[in-house]
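Only one structure is covered here, and it is reproduced in the block below.
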Amino acid sequence: MEILKRIYRYCSRYRRKMIAACVFLVLYIAVNLITPLISGIIVDDVIKGGKREMLSVLLLILLVGSVLKSVSMYFRGILFESFSQDCLYDLRNDMYTHLQHLPFSFYDNNRIGELMSRMTGDLEGVRVFLASGIPVLMENCVYFFGTTVILFTQNAKLALATLLVTPCIAYCAYRFNQVVRPIFSEIREQQATLNTVTQENITGVRMVKAFAREDYEIKKFEKENRRNQMLNINASRIWGSYFPAMDFISGICLILLVWFGGRMVGRGEISIGTVVTFNGYLWMLIMPMRMLGWIINMMAQAITSGQRIFDVLDTGTTIRETENPYNPEEFRGDVSFQDVSFRYREQPVLLHVDFQAPAGSTIAIMGATGAGKTSVINLIERFYDRSSGSIRIDGVEIQDWSIRRLRSEIGIVLQDTFLFSDTIEGNILYGKPDATREEVIQAAKMADAHDFISEMPQGYDTIVGERGTGLSGGQKQRIAIARALIKDPKILIMDDCTSAVDMETEYEIQKALKEVQKSRTTFIIAHRISSVKNADEILILEDGRIVERGSHQQLMNRKGRYYRMVRQQYHDLDKLEELRTGWAGPDPMEACRKGKVI
């Protein structure tokens with residue numbers, strides 16, 4: 001009932017439309033309820049009583065009733081469908097908006113295919129109930145109670161005999177609901193699993209083909225599809241076992257009518273017209289009982305779908321703003337970590353991290369995979385909240401900042417580059433929607449992307465495929481860099497964003513970024529020494545702790561972990577002394593461009 005109440009709250013927003021639809025529904029039913037009475041009058045008064053002058057009037061009433069039925073049926077259908085679409089629009093909007101505000105941790109624990117299933121199949125299940133289930137439920141309730149009242153008004157004794165078996169039908173319907181609801185819940189969950197398998201396969205189709213795993217994926221899909229099939233067949237078996245029973249019991253009503261009605265006509269207690277009237281109303285009484293299982297079936301599916309939808313809507317975000325978030329006019333970009341620790345799923349990721357990044361400085365973060373590098377930038381963007389310690393931006397605790405303002409001042413380029421199915425210009429403009437074409441071109445030049453974009457057939461108007469299909473990894477990364485730079489952010493985060501470009505392109509990008517980095521705080525996560533050697537401070541992370549820190553020259557002098565990293569990357573040991581004391585010769589990237597080995 002709680003799920004139905006919550007669905008009703010959405011319905012109540014369109015109360016007038018719902019009431020109008022119900023008015024036309026009641027008008028349609030009222031005309032149908034009058035028809036058997038007229039049939040009885042025709043039998044008793046016209047055919048048997050000989051009052052033929054009444055026939056024209058009665059037929060005219062039936063004709064007008066047919067017109068009213070047609071008109072009311074049309075408006076009832078239009079209004080209920082419009083009403084259901086309005087509710088679906090609000091539900092879908094609320095769910096999508098809520099998904100936008102959920103933290104990264106939610107998406108870490110939920111599969112995209114399952115969320116898509118809730119956004120499509122489950123929402124459609126609720127809509128079908130509103131468009132078809134509610135009208136049928138109301139219609140059958142009005143028919144049942146209206147017919148019952150009329151039958152008792154006509155003849156209470158015959159009505160009581162006719163309705164003798166209805167408690168059995170009600171019990172069967174109750175048992176059917178108890179059994180079928182868990183089955184429908186399983187079906188919905190399995191449908192979500194099937195969607196997830198499909199979505200992952202299509203998204204990763206290039207990987208599937210690269211490893212020739214088509215047969216494996218087909219078998220995996222077939223397994224989940226088979227389970228989905230068996231669950232639906234099981235639901236059909238349950239349906240098949242209960243519906244014939246309900247249909248049989250409802251059919252007994254007709255036998256009782258003929259038996260008792262015939263005997264009463266023979267005794268002169270009622271007229272033949274009354275039996276004809278009863279027979280007309282009997283089908284209006286039997287139909288709701290026959291439809292009861294179908295209504296419960298649809299309601300069970302709607303409740304199951306509603307439960308899955310509201311489970312998402314009830315998921316609270318762990319990233320919350322204070323009542324009056326800090327939103328200053330000036331944003332400098334000073335970042336401070338003070339004894340910061342971070343746990344993810346109870347696993348320690350960062351331990352007692354301390355560093356200062358004054359506005360305009362460049363901080364490089366290095367370390368092995370899993371050392372916690374990306375977690376540092378996730379905390380700066382407040383994708384997650386630190387477990388302990390203090391993170392301050394411009395001297396203000398990060399939890400006190402307006403999240404929208406904080407993130408609007410941060411430009412981030414991730415290693416896993418994501419591009420939308422849009423033009424190249426549209427992807428760059430995502431960072432600043434109101435930017436001019438000149439600003440787009442300037443950002444592309446800073447990211448060393450302008451040349452290859454200009455060579456494309458449609459230039460900046462070239463449409464890229466989903467996730468950037470059609471572009472090389474390096475091209476996608478450079479567009480992502482341009483997207484971040486066009487924001488003109490005070491804090492620039494570059495998470496191994498030149499890993500997919502060749503060394504010459506990396507050198508060109510770094511040259512362009514030198515000017516950009518002067519006016520903003522920059523965090524660089526990289527594995528290449530050439531990307532970090534000019535940073536003001538280099539942090540070496542290991543198992544979530546800062547184990548070394550300093551400038552390039554300072555770390556080379558210590559001959560610790562950083563020194564060993566340099567040695568691994570630059571195998572010409574004769575050059576190590578130059579690396580330790582600062583580059584005596586040309587820039588290594590420049591040397592590479594000239595064909596020298598370093």
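Based on the alpha carbons, how large is the Rg to Rh ratio for the stretch 2-313 when Rh follows Kirkwood?
1.11
Taking amide H positions as placed in the peptide plane 1.01 Å from N, state which residues far from Ile270 in sequence (5 or more) or on other chains have amide H under 5 Å from it.
Under 5 Å from the amide H of Ile270: Val265.
List the residues whose amide H sits under 5 Å from the amide H of Leu419, counting only those 5 or more places along or on another chain, with H placed 1.01 Å from N in the peptide plane.
Arg467, Gly468
Calculate the FRET efficiency for Gln338 and Arg564 from the Cβ-Cβ distance with a Förster distance of 30 Å, rounded to the nearest 0.05.
Rounded to the nearest 0.05, the efficiency is 0.55.
Just list whichever of Lys445/Lys490; Lys511/Lys559; Lys373/Lys432; Lys432/Lys533; Lys476/Lys518; Lys373/Lys445 have alpha carbons separated by over 23 Å in the model shown.
In this structure, Lys511/Lys559; Lys373/Lys432; Lys432/Lys533; Lys476/Lys518; Lys373/Lys445 lie more than 23 Å apart at Cα.
What is the order of Cys253, Cys497, fewest Cβ neighbours within 10 Å to most?
Going from sparsest to densest Cβ surroundings: Cys253, Cys497.
Ranked by Cβ crowding within 10 angstrom, fewest neighbours first, how are His450, His98, His552 ordered? Display every interim value, and only then the final one.
Numbers: His450 19, His98 16, His552 22.
Lowest to highest Cβ neighbour count: His98, His450, His552.
Could you work out the helix-only [θ] at 222 nm for the chain, with each DSSP H run of four or more residues adding -39,500 (n - 2.57) and the total divided by the number of residues, to the nearest 500 deg cm²/dmol?
Values: 24 runs with 366 residues, N = 598.
Computed ellipticity for the chain at 222 nm equals -20000 deg cm²/dmol.
Defining a contact as two alpha carbons under 8 Å apart and six or more residues distant in sequence, what relative contact order in percent does the stretch 108-256 show?
41
So which lysines pass the test for Lys219, namely a Cα distance under 21 Å, with those fewer than 8 places away in the same chain ruled out?
In chain and number order, the partners are Lys209.
How high is the relative contact order of the chain, given as a whole-number percent (alpha carbon pairs under 8 Å, six or more residues apart)?
13
Treat each spin label as a single point 7 Å out from the Cα along the C-beta direction, and report the Phe152 to Arg267 distance in nm.
The answer from the label model is 2.1 nm.
If I take every Cα pair under 8 Å that is 6 or more residues apart in the stretch 225-333, average their sequence separation and divide by the length, what percent do I get for the relative contact order?
26
For the pair Cys168/Ala30, report the inter-label distance in nm, with labels modelled 7 Å from Cα in the Cβ direction.
Each label point is offset 7 Å from its Cα along the Cβ direction, giving 3.7 nm.
Can you list residues whose amide H is under 5 Å from Val335's amide H, if they're 5+ apart or on another chain and H is modeled 1.01 Å from N?
Ala357, Ala359, Asp394
Between the stretch 191-257 and the stretch 325-342, how many Å separate their Cα centres?
51
Looking at the chain, do any whole DSSP H helices span at least 24 angstrom along their long axis by alpha carbon and average -0.5 or above on Kyte-Doolittle, and which?
15-41, 53-101, 134-154, 166-203, 214-266, 272-313
Grab the eigenvalues of the alpha-carbon gyration tensor for the chain, scale each by 5, take roots, and send me the semi-axes largest first in whole angstrom.
Computed over the chain, the values are 74, 24, 22 Å.
Once fully extended, how much extra length lies between Met138 and Trp283, figured as 0.36 nm per residue of separation less the alpha-carbon to alpha-carbon distance?
Gain in length upon complete extension: 50.5 nm.
Work out how much length Ile202 to Arg226 would gain on full extension: take 0.36 nm times their residue separation and subtract the Cα-Cα distance, in nm to one decimal.
Going from the current span to full extension adds 6.7 nm.
So if we plug the beta-carbon distance of Leu59 and Trp259 into 1/(1 + (r/R0)^6) with R0 = 25 Å, what FRET efficiency do we get, rounded to 0.05? Before the final figure, lay out the partial values.
Working: r = 32 Å, r/R0 = 1.29.
Efficiency computed from Cβ-Cβ geometry: 0.20.
Could you give the length gained by full extension between Gln458 and Glu214, i.e. 0.36 nm per residue of separation minus their alpha carbon distance, to one decimal place?
Gain in length upon complete extension: 84.3 nm.
Just to confirm my numbers, what's the Cα centroid distance between the stretch 438-459 and the stretch 70-117 in Å?
39
How large is ³J(HN,Hα) for each residue in the stretch 535-552, as worked out from phi by the Karplus curve 6.51 cos²θ - 1.76 cosθ + 1.60 (θ = phi - 60°), to whole Hz, x for Gly and Pro?
Once rounded to whole Hz, the list reads 5, 5, 8, 10, 9, 9, 9, 8, 6, x, 10, 7, 9, 8, 7, x, 6, 4.
Taken together, the values in this text are just the output of simple stated rules run on the coordinates, not laboratory data. Computed from a prediction, not measured in an experiment: that's the story for all the values here. Backbone-built Cβ (ideal geometry, glycine too); neighbour counts: all protein chains shown.
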